[in-house]
Structure formats: C-alpha cells, structure tokens
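Written out below as structure tokens is the structure these notes cover.
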Amino acid sequence: MVEVRDLRKRYTTYLRRGMFGREKKVVEALRGISFSIRGGEVFGLLGPNGAGKTTTVKILSTLLLPDGGEAYVCGHDVVREPTAVRKVIGVSLSVERGFFWKLTGRENLTYFGMLYGLDGRDLREKVDGLLDLMGLSDLEAADKLYEEYSLGMKARLSVARALLTDPEVVILDEPTLGLDPPSARALREILVGLAHREGKTVLVTTHNMFEAEIMVDRVAIINGGEIVALGTVDELKARVAGRISLEFLFFPPASVRVDEVVSAVRSSAEAAEVFPEDGGVRLKVLASPEERDEVTSAILGELHGRGCSVRRVEIREPSLEDVFISLTGKTGL
Ligand SMILES: Nc1ncnc2c1ncn2[C@@H]1O[C@H](COP(=O)(O)OP(=O)(O)O)[C@@H](O)[C@H]1O
Ligand SMILES: [Mg+2]
C-alpha cells in the first residue's frame, strides 16, 4: 500500500550571525529510509523529536518534495502523481489546524465534506457516520462549538476529517500527542479498528514507546533520519530476548550528579539509561537472568554509597524502550 525506498530530505536554513551575517546550515532530516506498509495494518513510525517522522509523513502526503529516493502510495508516485495520491489518502498532520472555532464539530465536518465534493444526503450520512465512529455523535459533542471541544474531541474530529473521502490510506502525525490517557486510549482503539475492522491502512507516528507497543502491527524505529529497526513489536523485542530489564527509582542528594552515577553503573551493567520520574530518577539496565542478583546488589551498593535513597526496584520483561536503548545507545524518547 505504501512503499518507501531510500527516501532522502535535507533542509537548508540560515542562522543569524551577529547583526548582518548569516550562516548556512544543512540538516539531513532523512538519510535514505526504506519501508513498506501492507494493506489493513497499523504501521508505526516511532522516534524521538527531530528523528524525521513529520518529514516522512509530509512527503507521503505530497506536502513536501523529497531530495532523493522514491515513495508510492497505492502504486502512485508521490512526486509525479500527487493528485492520484491525494485521492487515496486521508491526512491529519496537526490536531487543531484548519478548523473553524465558531462552528460546531458537525458543521466543520460538513464544510470540509462539501470541499471534497460531497453533498445532500451522502454528505449528511457521511458526517453522521463519522461522528458516530469517533464517539462524537451524541448531540452535545456534535453540536458543540469547536472552540469548546476538549483536546481529545479535537483529535477525534481531526481523524474524522481525514476519513471524509473514505481513503484507503490514513496518515496521522502524532495523533495522541497531548491527550490525557483515557482520550489517547479511545483514539488508539478507533485507529486500530479502522485498520483491523475496516481494512484501512493506517500510518501513525509517535514518540511514545508504550503506544507503539500496544497499538501497531509493525513498527519502524527512526532516529536521526535513519531507520534503526523495523518489524513487529515482538520481533524487535526478540533482539533483547534472553535479557531482563532492571529498574531503580532513586532520589540523589543535591551534591550528587546523575551522569556520574550512570557512568559508575555502566561498569557493572549493560545499556544503563536514566529518565526523570516523579521528581527522582529512573535508572534502567539490561541484564541476563543469571546475573540479576549480582547486578542488582552492585547497583544498590553504588546508589547507597552515594547517599541516594532508593524507592523502588523492579524486574521487567524487556520493552520497546530497551530495544531503542540497545540500538541507539540513547536515552528514551
Ligand atoms: N522546515 C524546516 N527547516 C529546517 N529544518 C527542519 C524543518 N523541518 C524539520 N527540520 C529539521 O529536520 C529534522 C527532522 O524533523 P521532523 O521531521 O520534524 O522530526 P520529528 O517529526 O520526528 O520530530 C529535525 O532536525 C528538524 O529540526
Ligand atoms: Mg514531528
């Protein structure tokens, strides 16, 4: 359904230097990425900020031209046949952009439906059907002004708009960004349903590992404009199989530097990374099951020796987060 081959994109920007000077800066946003998406699957593009996710979806949506490589949607070339591509895709690149604040959700959808050439009963039925599908059909939601919508409702309306033309391929850039957990969950369920029940091909981007883990059929992990891993979540997790993830939540005293703790821990454990959590620090390491106790006590000794209070120690199955860390050697997303 979607075929991407060696896609490249660079941006040239100019940085201000002093009063009159400027300096050219080239950003390699995509360094030759390739992947393909099958019909009826939810495909995730997972990566940290600046990885190249938005650039990729903009190229696939024909909003941006690549500098090299090729991309096809339903067999149509995004560069040479943009009109044909636009006919088969539904796109939501930003939750709020382009809606009328003084119209209701229903009126907004009706307006965009008319732009897409729908009218009369077809249009009414389409709008009603989409409001229903998105859980916006009760009168209060559908007939509330857009400006009174919660972010979760706006996100759902944005997906509804992307579906007005009954597209085969739905492209969504960080659709759950900023949503509270229940709204994000509801939206994820809708998107999975679109693919698995209605046979749509769904491409979503996210920087949320957990989201990718529970929602997508296959995922490409993108980092610095390159795809560093691609496969089902289980396949990717198999790369860190045979190891377990140990997590420590600790609170360092003001005099202790976290990066020093991390370097100390790295001498006794693999892939040590830290994430801020609950005002403290969450430290993650990978270990084989046999060395679990040894590594745990070494790290506890290290933390206690530096006066850190340890609130929690957990042992987990590896997650996508561990895959990311072990592939990129970087802190989580
Ligand atoms: N219009 C632009 N001009 C210059 N640099 C850009 C532009 N858009 C994106 N970039 C840069 O390209 C890289 C990839 O950006 P983007 O595709 O937005 O990543 P993501 O969506 O994964 O956060 C980043 O380094 C970003 O700063
Ligand atoms: Mg982005």
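The values are calculated or read from the model by the stated rules, or taken from the named source; none is laboratory data. The model shown is predicted, which means the values in this text are computed figures rather than measured ones. Cβ coordinates were reconstructed from backbone atoms using ideal geometry, including for glycine residues, and neighbour counts include every protein chain displayed.
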- Message: If I filter segment 68-91 for residues that are within 16 Å of ligand 2 (Cβ to nearest atom) and in contact with a helix residue (DSSP H, G or I) (Cβ under 7 Å, 6 or more places away or on another chain), do I get at least one hit?
- Response: yes
- Query: Taking segment 1-32, which residues are of a type in the set (A, V, I, L, M, F, W, C) and under 19 Å from Leu230 (Cβ atoms)?
  - Reply: Met1, Val2, Val4, Leu7, Ala29, Leu30
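Here's the yes/no breakdown for (1) in contact with a Gly (Cβ under 6 Å, 6 or more places away or on another chain); (2) within 10 Å of ligand 1 (Cβ to nearest atom); (3) closer than 27 Å to Arg197 by Cα; (4) part of a strand (DSSP E or B):
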residue	(1), (2), (3), (4)
Val26	no, yes, no, yes
Gly32	no, no, no, yes
Ser36	no, no, yes, yes
Gly40	yes, no, yes, no
Pro48	no, yes, no, no
Ala51	no, yes, no, no
Thr54	no, yes, yes, no
Val57	no, yes, yes, no
Leu65	no, no, no, no
- Output the number of residues of segment 1-27 satisfying the condition of being more than 16 Å from ligand 2 (Cβ to nearest atom), surrounded by 14 or more Cβ atoms within 10 Å (Cβ to Cβ) and farther than 26 Å from Asp234 by Cα. 2
- Query: Out of curiosity, is Val91 crowded, with 20+ Cβ neighbours inside 10 Å and in the same structural domain as Ser61 (by TED's automatic domain parsing)?
  - Reply: yes
- Task: Scan segment 133-144 and give yes if some residue there is surrounded by fewer than 19 Cβ atoms within 10 Å (Cβ to Cβ) and touching a strand residue (DSSP E or B) at 6+ places or on another chain (Cβ under 7 Å), otherwise no.
- Result: yes
- Query: From the list Val219, Val285, Val274, which residue is buried (at least 17 other Cβ atoms within 10 Å of the Cβ) and under 20 Å from the mean Cα position of the chain (by Cα)?
  - Reply: Val219
